[in-house]
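Q: Take this structure, written in structure tokens, and hold onto it; I'll ask about it next.
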Amino acid sequence: MTPSNTVVTRFAPSPSGHLHVGGARTALFCWAYARGRSGKLVLRIEDTDQKRSSDSASVGFARDLKWLGIAWDEGPEFEGCGGGPHGPYFQSERLETYQRYLDQLIASGVAYYAFESPQELTAMREAAKAQNRPFRYTGEVARALPPDRVRAMLAEGRPAVVRFHTPPGAITIVDEVLGTALIPDGETDDFVIRKADGYPTYHFAVVVDDELMGVTHVLRAQEHFNNTAKHIVLQDALGFRRPTYGHLPLIFNPDGSKMSKRDKDKVLRKALVEKGVTEPPTATVTRQRFTAWMADKTMQLELEETMALAEAYQVALPEINVDDFRRSGYLPEVLCNFLSLNGWSPGGDLETFDNEFLASHFDLDRVVKTPAKFDRAKLLAFNLHAIASMPREEFVRRTAAHGAAFHPSFMERLSSEQFSGLCNASHERSKTLDDLFRTNTFITTADDLLVWDSKATRKVLEGGSPSGFHHLKALREVLVTTDDWTVAGLEGVITPYAVRSAEGNLGAVAQPLRVAVSGSTVSPPIFDTLAILGKASALRRIDRCLAHSPATL
Ligand code: GLU
């Protein structure tokens, strides 16, 4: 059993999709608060909203938390985390428990069945609006129904919800972040605690579970602050303890908008308009949906559709969920460090720290009240710094793991020597673990399929005096006789050529070579690029490029 003075926090996501960075920050703070006090973190899956829940989303949450290094002590079992005496930890598997407490409230007369249809409720709401008063459900009609009439209506199968009869009086919420708030009498109406489908509402399940799972500290997003009044009246009616509350600031985009999937649709739509796309590629989204979505700026595609279109047109979407950041090559420890600064700081100038530091220093008195602004440029700078500071072997290991997960065909096409050469050439330049893959697709392109059609590459090859093509032709003769095809060996023949033929201007020589072998003006340093490609491939590419040169050369 958990000793009575043990701190117990909980992270309680609704599995409606992927773990959002805001949710990850909540989980991180719950973890840090418990860990820093030798307490426990409970992971509970709030899947009572059947329409939105999915099993794969629950697994996604577990995977994302593990990736961030947030281990839960109790909860669904996943790769060594979880288990515990208070399960099941999926709310959908706890219906009998909720029913027991619900029956208790009905028996004691503080909860009752209500039969108003959605249309009747809408009419009541509209009537209140017409009279310029807020709608508060007080249940005079439902509460006046005699018990045998209620039984008869239930027996007839009339849809009914169960509501809690909120007692009169103001409700005081003591919040460790926001301070004390008084919710005036009458503000909290008779709210639903069991839905017509038989499932408990979020309010009811959360109160029962926080009690039964021994939760001492409820740390959650500020959007739940107003719900706390409902939770408090339920706790009192059920004779439960009151946990300590701390409502955490939300995380917004710098322009003050909510960070949401909508941001992805917006960026994608804009990019596709700019590219003049009017037809979706097959296997992304239906034509009809695509057309509707392009025309309606408020419409959102399913996440899978958005990702498929972005992939097809190489559009970089803003990261919103933890798995987006992972795919984009952010390091989990950097994301945690950065997220914890969204709403908290250790004081002083210290900004770089790990999760263990966070656990030993995190407290609610340094959590800010106002929304945090998610500064992507700062996150990228943190990531760049962390990558640059890691030993080369670690960079190779982590990049290989990232490649295996997200770029398997790239990894398959490179030998281990090529891959380590590419890592050596890319380490200092990498802002993310994904950069190396995104910017070097030319390496895995078949020699015969490389294209040089952009203005920039033509300029490099045709411009200059002598022209880039001229240098390329001359260099080809040098390279064909080069046997030491290594970074040092290539430097040993190309640099002297630049001294001889380009007044020592290595750039004038390197750039045509780069364009010839990579098809673009950006690649790792030229000696590395050639060494990675290998002699046969590099020469084939140079020959194909020269075949495009103007006949006058
Ligand atoms: N399930 C709720 C959510 O995902 C959180 C509830 C809570 O923390 O009390 O927003």
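Q: Rounded to the nearest 0.05, what FRET efficiency do Val174 and Phe252 give with R0 = 25 Å and r taken as the Cβ-Cβ distance? Could you check? Could you put the intermediate results ahead of the total?
A: Numbers: r = 26 Å, r/R0 = 1.05.
Given R0 = 25 Å and the Cβ-Cβ separation, E is 0.45.
Q: Work out Dmax and Rg for segment 128-170 from the C-alpha atoms and quote the Rg first, both in angstrom.
A: 13.8, 38
Q: Next up: When the Kirkwood hydrodynamic radius is evaluated over all pairs of different C-alpha atoms of segment 254-355, what value in angstrom, to one decimal, is obtained? Write down the numbers at each step before the final one.
A: Values: mean 1/r = 0.0640 Å⁻¹.
Result for segment 254-355 stands at 15.6 Å.
Q: For Glu96 and Leu380, calculate 0.36 nm times their separation in residues minus their Cα-Cα distance, and state this gained length in nm to one decimal. Please list the in-between numbers first.
A: On the way: separation 284, 0.36 × 284 = 102.24 nm, distance 4.77 nm.
That pair, Glu96 and Leu380, stretches by 97.5 nm at full extension.
Q: Considering the Cα positions of segment 414-526, please state its Rg to one decimal place and its Dmax as a whole number of Å.
A: Cα only, segment 414-526: 14.5, 39 Å (Rg, Dmax).
Q: Using amide H atoms built in the peptide plane, which far-off residues or other-chain residues are under 5 Å from Arg194 H to H?
A: Here Val162, Thr201 satisfy the definition.
Q: In nm, to one decimal, how far is the modelled label at Val141 from the one at Arg397, with both set 7 Å along Cα→Cβ?
A: 6.8
Q: Ok, one more. Restrict the search to segment 452-553; then list the GluC sites (Glu not before Pro) that DSSP places in a loop and that have at most 13 other Cβ atoms within 10 Å of their Cβ.
A: Sites meeting the loop and neighbour criteria: Glu503.
Q: To test your reading of the geometry: what angle, between 0 and 90 degrees and rounded to tens, separates the Cα axis of helix 303-312 from the longest principal axis of the chain?
A: With both axes taken from Cα atoms, the answer is about 10 degrees.
Q: Mind pulling the angle between the C-alpha long axis of helix 416-426 and the longest principal axis of the chain? Nearest 10 degrees, somewhere in 0 to 90.
A: So the inclination is approximately 80 degrees.
Q: Per residue, what volume in Å³ does the convex hull of the Cα atoms of segment 323-424 enclose? Provide the component values of the computation, followed by the final result.
A: Working: hull volume 11.9 nm³, N = 102.
So the per-residue hull volume is 117 Å³.
Q: Taking K and R as +1 and D and E as -1, what net charge do the other residues with C-beta under 14 Å from the C-beta of Ala425 add up to?
A: On the way: positive: Arg392, Arg429, Arg514; negative: Glu417, Glu428, Asp435, Glu491, Asp528.
So the surrounding residues net to -2.
Q: Just the ratio, please: alpha-carbon radius of gyration of segment 139-281 over 2.2 N^0.38 Å, N its number of residues.
A: Details: Rg = 21.7 Å, N = 143, 2.2 N^0.38 = 14.5 Å.
Dividing the Cα Rg of segment 139-281 by 2.2 N^0.38 Å gives 1.50.
Q: Give me the extension gain from Asn505 to Asp448: residue separation times 0.36 nm, minus the current Cα-Cα distance, reported in nm with one decimal.
A: Fully extending the segment from Asn505 to Asp448 adds 17.5 nm.
Q: Here is a follow-up. I'd like the distance between the alpha-carbon centres of segment 449-473 and segment 500-553, rounded to an integer number of Å.
A: Centre-to-centre (Cα) distance: 9 Å.
Q: Using the Cα centre of segment 316-449 as origin and beta-carbon charges of +1 (Lys, Arg) and -1 (Asp, Glu), tell me which of Leu380, Thr352, Thr445 is placed farthest towards the positive end of the dipole.
A: Among Leu380, Thr352, Thr445, the one farthest towards the positive end of the dipole of segment 316-449 is Leu380.
Q: How big is D for segment 144-228, in µm² s⁻¹ as a whole number, if Stokes-Einstein is applied with the Kirkwood radius of its Cα pairs at 20 °C and 1.002 mPa s? Could the numbers behind the result be given before it?
A: Details: Rh = 15.4 Å.
My calculation gives 139 µm²/s for D.
Q: Once you wrap a convex hull around the alpha carbon atoms of the chain, what is its projected area averaged over all directions, in nm²? Please report the intermediate quantities before stating the final value.
A: Working: hull surface 131.7 nm².
With the hull built on Cα positions only, its mean projection is 32.9 nm².
Q: How large is ³J(HN,Hα), in whole Hz, for each residue of segment 344-355 in order, when computed from phi with the Karplus curve 6.51 cos²θ - 1.76 cosθ + 1.60 and θ = phi - 60°, using x for Gly and Pro?
A: Rounded to whole hertz, the list is 8, 8, x, x, x, 9, 5, 10, 9, 7, 9, 5.
Q: On to the next question. What is the gain in length, in nm to one decimal, between Gln104 and Leu182 on full extension, counting 0.36 nm per residue of separation less the C-alpha to C-alpha distance?
A: Numbers: separation 78, 0.36 × 78 = 28.08 nm, distance 2.81 nm.
Here the segment from Gln104 to Leu182 would lengthen by 25.3 nm.
Q: Of all the C-alpha pairs in segment 85-198, what % are more than 18 Å from each other? It would help to have the intermediate numbers written out before the result.
A: Numbers: 4013 of 6441 pairs.
The answer is 62 percent, as a whole percent.
Q: Okay, next question. Thinking of segment 264-320 as a set of Cα atoms, what percent of all their pairs are more than 13 Å apart?
A: 54
Q: Something else about it: Give a residue-ordered list of calculated ³J(HN,Hα) values for segment 209-214 (Karplus: 6.51 cos²θ - 1.76 cosθ + 1.60, θ = phi - 60°; whole Hz; x for Gly, Pro).
A: Values, residue by residue: 5, 4, 5, 5, 8, x Hz.
Every number in this text was worked out from the coordinates using simple rules, so none of it is lab data. Computed from a predicted model, the values in this text were never measured in an experiment. Don't worry about glycine lacking a Cβ; one is built from the backbone with ideal geometry, like all the others, and counts go over all protein chains shown.
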